[in-house]
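*Asks:* Sharing a structure, written as structure tokens. Questions coming.
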């Protein structure tokens, strides 16, 4: 078996197996779960070897599933997907390691590790999928599995709200993406990413709708404004889950999608506007929202949103420098952000709170956690020697000489600079609130807190070490992972050869960095001012519209307004069912009928109407109404019979004696059966109806009756039919030897039909006899039911 | 003077003849040797169905394009053959389920199985004809049997209500259908679809409002039978009230037969109705899927949930009909494959409902399934597979079937309809998976029998056989669909 299949599907196997063992043998739960990322990592190493040996191009592994539909399960291994694979599996490994210390003894470990490994497998599927539909399936699987992870503490209302919100927004975005895929596939005739990337000029063939739909998928997943609202609510998840979902995986899937589609859609005229617009808005909005949060996790959540905006902005600019920057920043952000989340988890675990107003001076009591947090934060702020410094410099550089739409180019450096300052500021606030300054009020954290055992600290420590390594020695990853990934993102067989260093001499980006740090430092000193301005703005906008209000409003309308209507239609009331079943088709047919050419109209059908025919029709109509209106059942049955005999008389008038005969016999038999049946049934109770209801019911009846009559009248208009009478008149004598055509038809042409009819009548007679006997015995028994 | 007989291809009629003779045999046996034991009658019914299936299969290989008997009243082509097999399988499993349902022990057995067989013959006639009157007669044979079956437990009030509702609304549907057929007869001068088509082809003037209205009325009538929105209202109440074994039967076979007739009508004459008619089908498909899924989410009773789910599935099948109407060859084959998969997964799900009942008592609330993953692992695992398949997730047959229908619709140019369909599939995942969550993640509620937890799981051998069949088929059709897909695609070509 190819290692790629192991890398993707082994986690699912673990996910299925873990729940059975984990709750029984709790001690091994984590060790079983860690097998998933460990084995995947091992498979990835093998895969990396294969891929390097094959010249670092694009490798395809596919398994034909339903050949006639062109459906296969195929995986694309290139620089981009293999880098993502390592990122996902690597972080997953550390998360499981960390979870072992984080989870309390009594938690449902089977469920936790089961969904966690299933999520990891889905992520692997997303990054390696080659077929667009495979990509979609794994994409939605990440939404579904993350739903269960976010709502893990299902007894908390907020967790349920958060998980539902995440599922609806990211799942819905996934559907938009699918619609985009379908349009893309239809426009290009190609469903494989590898082929789409190799194709030239795809962007020109793709409609704006398809483009926007695909971007929507990425934007919802990556929590871009205004779809960012699910992410803060998703912080109800256990902290390791937050660290996993929001540093390296779930939210980054959108980034992956953008990178993957960069060579396909990057040339699209809307790419620059849409992607840069999204990224910049998100970068600023996320940062500002972070400054107003008090929950450490919320600060990080909004920070994550802002950082995702940064990466999206890089991708929007496009070009060599920006793509390398975005790729490198993925690593920096994954390492630093996961580490920070883990530190928050440790703080929460040790002190019992995450509120910065309750926490104070943790630097003294938790020195080791403090160091890790500071190092991770300065990486994201962009201070040497951390990896984040490199990417921050690159972004500043790119923003001065950007790709993308030229008319806005003058603004980019300023917006980027502002975002950088805000980023630095909220990180300082994070560190200050937790570690440096005293608690705000008299109320303080439930537990004083102290550094946890080393095992708990090991995972964040490894991540921080990596964050340092990326800065000090970028050579570790630049040619192994970053360059191939950037090459694959750029597409077109580009080969990159670059060497990253921390020091580039004094240039514009460095000046911008210095401005960033000094301004942020000044603002942190005057943090009260900043808070006052932000709170004032929030107060002004309190009643204005916003994405959260839109979401809650939509859910409200769906739940409280729409569903009750849908459900009330199905309340078991037979009359309502009948009414709907009559009215809807009638309206439908009326619409269809009116839209057509009625030709000569319905009147020709009434030509040649005789007085006697019309009288019989009137009689039938009146009898039919009588059936519905008579209060007693005997008159109703008789009225029904009259209608039936009326139809028989019509047949006579129309010169069809055989039909008339049959009709009379059937009618007589059914009247007898009716009477017999009603004999044993209880009296009908008629419930009086209000006048308005009666009017409505009459209206429906008349409407339908007229419509049907019109249809029949139209049907009789067709002049182009030949009559069968000629045939019978011509052939009766020579073939059948009869002079009476009707007789010939009954006993000769349709002899078997007649035999059948007689048989039916005999059987009905027997049935009537049987019923008479039953009624007789029942009366003897004195029973009436 | 020698009598003139119509052309009759007896070998191809054998399947139907077997089923009818079997029904009569069951009825007579029950009349003359009254016994309380249902086993023999069940075995006789199963044998009949198997024999009919064998006759169908043996008639298929040498089949030319198709064989027309009784001047078009009975048509045996590959399409009929596939639908026959499907209907027979569905009836077969339904009989197993009925044999497993204890509450039916109280009711007379002979009529039950005879009615099932009569209904089966009606379905086969509906699928194997191109004559509109025959479609109607088949439908009536089927419907009358079902009305009785729905109220089979005579002293069960809900069953009675279900039967009455079904009868009343079903009669209206039949009226609509007949009315529509009469109008088309008026417009085109025949009840034979092939002749109608040729008449419409050579006389453009006869594609008049009468024809359109007639087709519309037929759509309404068949829409009732397949429970398409807005003619779906009877379905949930009847599904809930009828004995579960009957519900299982009702949710599959009749739907397959009505859809087969629908496909034949639409493919043969629908093309002359123009864009408006396609638009009607399009809207109906979208509405059916959406209403079915949205309402299913809120159901607390599993039979009701499955009722709405089957409404939604009718919507997916209508997508195939829309695509087939555009002449997309993949669509008809996809439709057949979908029906096959649907039969197995839906019958399987109902079978689990029947088998999870204790004694004569049924457990139909979704809450009753809490913790079933631990108390009754075999049933829960089977149910989980059916749910995954109903949701259309790989690696089950439900996924492949949906994929076929959707890709056919895309090829026919109905991208937006497919978008609606996929959206719906995702909504449906919610309530199908919820049942799995309930079974595996919730603690068993109060009143769960301790015996089931402690001792080995007991499943009646009939239910076990039905489940085994359904599980294997659901997985097989998902993992190795190749051969059956080819068969379905080849059967998707109608005899004109």
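The values are calculated or read from the model by the stated rules, or taken from the named source; none is laboratory data. Being a predicted model, the structure only gives us computed values, none of them experimental. Positions of Cβ are backbone-derived with ideal geometry, glycine not excepted, and every protein chain shown enters the neighbour counts.
*Asks:* In this structure, does residue A:173 turn out to be at pLDDT 85 or above and in contact with a strand residue (DSSP E or B) (Cβ under 9 Å, 6 or more places away or on another chain)? So that I can check it myself, show each step before the final result.
*Replies:* Working: at pLDDT 85 or above: yes; in contact with a strand residue (DSSP E or B) (Cβ under 9 Å, 6 or more places away or on another chain): no.
Answer is no for this residue.
*Asks:* Given the criterion modelled with pLDDT under 85, more than 14 Å from chain B (Cβ to nearest Cβ) and in a helix (DSSP H, G or I), identify the matching residue among A:772, A:707, A:714.
*Replies:* Answer to the selection: A:772.
*Asks:* A further question on this structure: Of all helices (runs of 4 or more DSSP H) completely enclosed by the range B:100-197, which ones contain at least 2 residues that are touching a strand residue (DSSP E or B) at 6+ places or on another chain (Cβ under 8 Å)?
*Replies:* B:132-150
*Asks:* Given the range A:222-334, what helices (runs of 4 or more DSSP H) lie entirely inside it while holding 1 or more residues that are over 23 Å from residue A:92 (Cα atoms) and within 25 Å of the chain's Cα centre (by Cα)?
*Replies:* A:250-265, A:277-291, A:296-317
*Asks:* Also: Which residue out of A:596, A:582 is touching a helix residue (DSSP H, G or I) at 6+ places or on another chain (Cβ under 7 Å), surrounded by 12 or more Cβ atoms within 10 Å (Cβ to Cβ) and in a loop (DSSP other than H, G, I, E, B)? Explain how you work it out, then say what you get.
*Replies:* Working: A:582 fails: in a loop (DSSP other than H, G, I, E, B).
A:596 is the lone residue from the list that is touching a helix residue (DSSP H, G or I) at 6+ places or on another chain (Cβ under 7 Å), surrounded by 12 or more Cβ atoms within 10 Å (Cβ to Cβ) and in a loop (DSSP other than H, G, I, E, B).
*Asks:* Can you list the helices (runs of 4 or more DSSP H) found entirely within the range B:329-428 that contain at least 1 residues being within 14 Å of chain A (Cβ to nearest Cβ) and surrounded by 24 or more Cβ atoms within 10 Å (Cβ to Cβ)?
*Replies:* Numbers: elements: B:329-355, B:372-375, B:377-390, B:397-411.
Filter on the range B:329-428 gives B:329-355, B:377-390, B:397-411.
*Asks:* Looking only at the range B:472-483, count every residue that is assigned to a helix (DSSP H, G or I) and surrounded by fewer than 19 Cβ atoms within 10 Å (Cβ to Cβ) and tell me the total.
*Replies:* 6
*Asks:* Further, regarding this structure: Pairs, please: C-beta under 9 Å, at least 6 apart or cross-chain, first residue under 15 Å from residue B:43 (Cα atoms) and in the range B:461-472, second at pLDDT 95 or above and not in a helix (DSSP H, G or I)?
*Replies:* Cβ pairs passing all conditions: none.
*Asks:* To continue, here is another question. Return the residues of the range A:599-611 that are crowded, with 16+ Cβ neighbours inside 10 Å and more than 14 Å from every other protein chain (Cβ to nearest Cβ); say none if nothing qualifies.
*Replies:* Taking the range A:599-611 first, the residues crowded, with 16+ Cβ neighbours inside 10 Å are A:602, A:605.
None; the set is empty.
*Asks:* Next question. Evaluate the following for residue B:87: is it at negative phi and either modelled with pLDDT of 95 or more or in a loop (DSSP other than H, G, I, E, B) (or both)?
*Replies:* Yes, satisfied.
*Asks:* Could you figure out which of (1) within 14 Å of another protein chain (Cβ to nearest Cβ); (2) free of Cβ contacts under 8 Å to residues at least 60 places away in the same chain; (3) part of a strand (DSSP E or B) isn't true of residue A:73?
*Replies:* (2)
*Asks:* On to the next question. Looking at the range B:183-197 only, could you name the residues that are under 26 Å from the mean Cα position of the chain (by Cα) and within 11 Å of chain A (Cβ to nearest Cβ)?
*Replies:* Keep residues of the range B:183-197 that are under 26 Å from the mean Cα position of the chain (by Cα), which gives B:191-194.
Passing the criteria: none in range.
*Asks:* Out of all the residues in the range A:474-490, is one or more outside any helix (DSSP H, G or I) and under 23 Å from residue A:517 (Cα atoms)?
*Replies:* Looking only at the range A:474-490, we keep the residues that are outside any helix (DSSP H, G or I), and these are A:474.
Checking which are under 23 Å from residue A:517 (Cα atoms) leaves us with A:474.
Yes.
*Asks:* So residue A:614 clears everything in (1) in contact (Cβ under 8 Å) with a residue 24 or more places away in the chain; (2) farther than 30 Å from residue B:295 by Cβ; (3) more than 10 Å from chain B (Cβ to nearest Cβ) except one condition, right? Which one?
*Replies:* Of (1) in contact (Cβ under 8 Å) with a residue 24 or more places away in the chain; (2) farther than 30 Å from residue B:295 by Cβ; (3) more than 10 Å from chain B (Cβ to nearest Cβ), only one is false for residue A:614: (1).
*Asks:* Give me the pairs: first residue in the range B:329-344 and within 7 Å of residue B:492 (Cβ to Cβ), second residue not in a helix (DSSP H, G or I), beta-carbon distance under 9 Å, and six or more apart or on different chains, which are they?
*Replies:* B:329/B:492; B:329/B:493; B:332/B:492; B:332/B:493; B:332/B:494; B:333/B:492; B:333/B:493; B:336/B:492
*Asks:* Name the helices (runs of 4 or more DSSP H) wholly inside the range B:205-273 in which the number of residues that are within 13 Å of another protein chain (Cβ to nearest Cβ) and modelled with pLDDT of 90 or more is 3 or more.
*Replies:* Working: elements: B:209-226, B:234-241, B:244-269.
Once the helices (runs of 4 or more DSSP H) in the range B:205-273 are filtered for at least 3 residues that are within 13 Å of another protein chain (Cβ to nearest Cβ) and modelled with pLDDT of 90 or more, what remains is B:209-226, B:234-241.
*Asks:* Suppose we keep only residues that are touching a helix residue (DSSP H, G or I) at 6+ places or on another chain (Cβ under 8 Å) and surrounded by 12 or more Cβ atoms within 10 Å (Cβ to Cβ) within the range B:7-16. Which one would you say is modelled with the lowest pLDDT?
*Replies:* Here the residue is B:8.
*Asks:* Condition (residue is touching a residue at least 60 places away in the same chain (Cβ under 8 Å) and crowded, with 19+ Cβ neighbours inside 10 Å) applied to the range B:53-65: is it met by at least one residue? Don't jump to the end; show me each part of the working.
*Replies:* Kept after step one, since they are touching a residue at least 60 places away in the same chain (Cβ under 8 Å), are these residues of the range B:53-65: B:65.
Of the ones still in play, those that are also crowded, with 19+ Cβ neighbours inside 10 Å are none.
Among the residues of the range B:53-65, not one is touching a residue at least 60 places away in the same chain (Cβ under 8 Å) and crowded, with 19+ Cβ neighbours inside 10 Å, which makes the answer no.
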